[in-house]
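Notes follow the structure.
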Amino acid sequence: MLVEKVFERLAETNILEKLAEKKKLAFIGEPETTTYLSNFFEPKGKSGYRYFSWQDGKIAASATEPKLEQSLTIIVASIQDEEAIYAEVNKYVAEQKLDLRVIRLFTDIFVNLIADRDLLQTSDCELKQPRLAYAVMSTPRSGSTFLCNTLKSTGIAGFPDEHLREPSLILAQNCHFDYVRYLKILMQHKVTANGVFGTKIISHFLQDHKQTELDFNPIDYISKFVYLIRKDKVAQAVSIFVAEKTNIWDVKKFDTARQDKYKEKIKELEKRQIGEQDLARVHHLYQDLLNQEKYLENFLAENKMSPMVIEYEAVEQDIEGYVKQILEYLGISYGDLKIKMPDVKLRSELSENLISQYRKKYG
């Protein structure tokens, strides 16, 4: 079911959990969506939330339904056509002279959530280009999280998070979500005091976003690119394999509970022998990484871009030196630079054994 699929992919953002902190909300949308939301919120004791079905271009009337006036905020929640319902609901509210704000679940609330803004407001704002917009580009498990979190820790290099990923992709593929507008809005709010915006672009998410209905090219909005490469593709493929098995992709130094959970999962995996199916999966991931790297290289060449190219293995040996080189490449002035490395490197005996056995089989 599409509704369940969309909200499953949005789960990493905790968007519904955040909404559960609000009061007197009314949701309007197609029956499948409002039913899903009701099933999510009602067990959490949100009996004060209201749900109205949108059918045949209007709110489906029911003698048992409460009036909209009993709510504070109307949220248009539509998988199929958020903008059309939003326009009609706004028209209805104006005609009835109701003192209610009307916002959209994806276009407003999701965008505000990622932009670290108050959720229950329009996301519309004046769109201006930041002083500097840059992106770290890479294939998955290349060390980009380690590098980007270290850049964030400087306080002067923006907040290079992975903004274009599964949540924005599922909305773009199924809900007519304007992720270009979303990225532009982030450029207004996710900047450091010196006017710098940073983002992280992973190869397969770039490719998938570009295949949606929007005409998107990062070079139209981002002026500088840092291209991060991991030389040891076998170790990179094994890193993806282990992350898939544990469902843990990164761990912060302060998150000891998550560290313990990771260690427990690794111990469970180490109890069984590495099989041919495991090595075949690693080989598939290895080949896919080569294809993704080729995609990025072609993208850069087609757009006549000359990014700063750095290797993860070198960065790992001299993180402070490379952060300074990146800041200089970006034209960001720095004085007494304070760098923190918040991530724990997820290495294990399991990974080493997988790498060893893979090399014996595939060379």
Which ones in region 284-303 are surrounded by fewer than 16 Cβ atoms within 10 Å (Cβ to Cβ) and either of a type in the set (Lys, Arg) or touching a residue at least 24 places away in the same chain (Cβ under 8 Å) (or both)? 290, 294, 295, 303
Scanning region 182-240 for residues that are out of contact with any Leu (no Cβ under 6 Å at 6 or more places or on another chain) and of a type in the set (Ser, Thr, Tyr), which turns out surrounded by the fewest Cβ atoms within 10 Å (Cβ to Cβ)? 223
All positions within region 244-262 that are surrounded by 13 or more Cβ atoms within 10 Å (Cβ to Cβ) and either basic (Lys, Arg) or closer than 30 Å to residue 325 by Cα (or both): 245, 249, 250, 251, 255, 258, 261
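Could you tell me whether any residue of region 122-144 is among the polar types (S, T, N, Q), under 13 Å from the mean Cα position of the chain (by Cα) and not assigned by TED's automatic domain parsing to the domain that holds residue 110? Spell out the reasoning first.
The first filter runs over region 122-144 and keeps only residues among the polar types (S, T, N, Q), leaving 122-123, 129, 138-139, 142, 144.
With under 13 Å from the mean Cα position of the chain (by Cα) added as a condition, the list becomes none.
There is no residue in region 122-144 that is among the polar types (S, T, N, Q), under 13 Å from the mean Cα position of the chain (by Cα) and not assigned by TED's automatic domain parsing to the domain that holds residue 110.
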When you look at residue 8, is it within 18 Å of residue 176 (Cα to Cα), within 29 Å of the chain's Cα centre (by Cα) and in contact (Cβ under 8 Å) with a residue 40 or more places away in the chain, yes or no? no
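Given the condition in a helix (DSSP H, G or I) and in contact (Cβ under 8 Å) with a residue 12 or more places away in the chain, answer yes or no: does some residue in region 331-342 qualify? First the steps, then the outcome.
Step one: list which residues in region 331-342 are in a helix (DSSP H, G or I), which gives none.
No, the conditions are met nowhere in region 331-342.
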Can residue 267 be described as out of contact with any helix residue (DSSP H, G or I) (no Cβ under 6 Å at 6 or more places or on another chain) and outside any loop (DSSP other than H, G, I, E, B)? yes
Any residue that is aliphatic (A, V, I, L, M), at pLDDT 95 or above and assigned to a loop (DSSP other than H, G, I, E, B) - is there at least one of those in region 232-241? no
Selected residue [out of contact with any strand residue (DSSP E or B) (no Cβ under 9 Å at 6 or more places or on another chain) and of a type in the set (A, V, I, L, M, F, W, C)] from 156, 185, 201: 185
Those residues of region 54-82 which are modelled with pLDDT of 80 or more, among the charged types (D, E, K, R) and surrounded by fewer than 13 Cβ atoms within 10 Å (Cβ to Cβ), in sequence order: none
Select from region 304-341 the residues that are farther than 20 Å from residue 137 by Cα and surrounded by 12 or more Cβ atoms within 10 Å (Cβ to Cβ) and list them in ascending order. 334, 337, 339, 340
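Given 108, 161, 118, which one is modelled with pLDDT of 95 or more, charged (D, E, K, R) and buried (at least 22 other Cβ atoms within 10 Å of the Cβ)?
On the way: 161 fails: buried (at least 22 other Cβ atoms within 10 Å of the Cβ); 118 fails: buried (at least 22 other Cβ atoms within 10 Å of the Cβ).
From the options 108, 161, 118, the qualifying one is 108.
Just checking, which of 310, 355 is in contact (Cβ under 8 Å) with a residue 12 or more places away in the chain and in a strand (DSSP E or B)? Outline the logic, then answer.
Details: 355 fails: in a strand (DSSP E or B).
So the residue among 310, 355 that is in contact (Cβ under 8 Å) with a residue 12 or more places away in the chain and in a strand (DSSP E or B) is 310.
When region 1-21 is examined, which residues are found to be among the basic types (Lys, Arg) and either closer than 14 Å to residue 166 by Cβ or not in a helix (DSSP H, G or I) (or both)?
Across region 1-21, the qualifying residues are 5, 9.
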Taking the residues in region 316-330 that are modelled with pLDDT of 95 or more and aliphatic (A, V, I, L, M) as candidates, determine which candidate is farthest from residue 132 (Cα to Cα). 323
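The values are calculated or read from the model by the stated rules, or taken from the named source; none is laboratory data. Quick caveat: nothing in here was measured; it's all calculated off a predicted structure. Quick reminder, even Gly has a Cβ in these numbers, built from the backbone with ideal geometry, and neighbours come from all protein chains shown.
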